[in-house]
1. Using a Gaussian network for the chain with springs between C-alpha atoms less than 10 Å apart, which of these wobbles most: 74, 110, 131?
2. Amide H neighbours of residue 16 under 5 Å, at least 5 residues apart or on other chains, H built in the peptide plane: list them.
3. With all protein chains present, how much of the accessible area of segment 1-148 (probe radius 1.4 Å) comes from carbon and sulfur, to the nearest whole percent?
4. Could you compute how much accessible surface residue 102 exposes when probed at 1.4 Å, giving the result in Å² to the nearest 10?
5. In a GNM of the chain with a 10 Å cut-off on Cα contacts, which of 81, 128, 145 has the highest mean-square fluctuation?
6. Could you state the angle between the C-alpha long axis of helix 17-36 and the longest principal axis of the C-alpha atoms of the chain, as a value from 0 to 90 degrees rounded to the nearest 10?
7. Can you pull the semi-axes for the chain, root of five times each eigenvalue of the Cα gyration tensor, sorted largest first, whole Å?
8. Could you provide, to the nearest whole Å², the per residue accessible area of the chain with probe 1.4 Å?
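The values are calculated or read from the model by the stated rules, or taken from the named source; none is laboratory data. All figures in this text were calculated on a predicted structure; none of them were measured in a lab. Cβ atoms come from the backbone with ideal geometry, glycine included; neighbour counts cover every protein chain shown. Each accessible area value is taken on the protein alone, full model and side chains, heavy atoms only, with ligands, DNA and RNA left out. Shrake-Rupley method; radii C 1.70, N 1.55, O 1.52, S 1.80 Å.
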Amino acid sequence: MIMMIVLAPRLISRFGPKPLIVIGLFALGAGMFWLSLARPDGSFLVDVLPASLLSAVGMSPAFIPSLGTALSSARPEEGGLASGIVNTGYQVGSALGLAAMTAIAAAHGAREPGGPVALTNGFSAAFLGAAVLAVAGGLAALLTLRTAPAAAGGADGGDASEGATA
């Protein structure tokens with residue numbers, strides 16, 4: 001919450017949205033990869049908490065500026081439509097992503113009897129799949145987002161979403 005409410009807007013106004021989206025997606029991918037390394041006999045403090053925190057820290061700089069960039073790319077009279085499309089995309093994308101990762105987990109042992117080892121193997125495959133998607137998204141953002149020239153001063157408190165266009 002601190003990252004989303006306090007830090008993300010300040011970082012956007014200083015660096016623009018593109019670097020934050022890219023770095024955020026790469027951090028999210030690293031967190032998902034780290035989660036894929038969890039051991040069946042592992043502990044929460046070693047195997048889950050640090051990777052979850054890294055993933056959470058990556059989500060804020062990825063999603064907050066992407067929303068601002070998408071909305072700022074629309075004409076003012078199309079703002080409601082753009083917001084609806086973006087939010088629908090988030091909801092449908094999340095549902096499809098969860099379904100795909102669940103299918104991957106099931107295909108790699110999560111539905112098999114065998115206790116924690118089979119379950120961990122399935123979840124590891126799903127987290128690895130999520131990591132690949134996050135990194136692919138970061139690469140797509142890196143290659144496709146256009147960056148507008150930086151505003152003078154960079155931290156003038158203006159609209160943080162003005163630094164890039166989709």
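1. 74
2. Result for residue 16 returns nothing.
3. That fraction is 74 percent.
4. 80
5. Taking springs between Cα atoms under 10 Å, the residue moving most is 81.
6. Approximately 10 degrees, to the nearest 10.
7. 34, 18, 12
8. Averaged over the residues of the chain, the accessible area is 59 Å².
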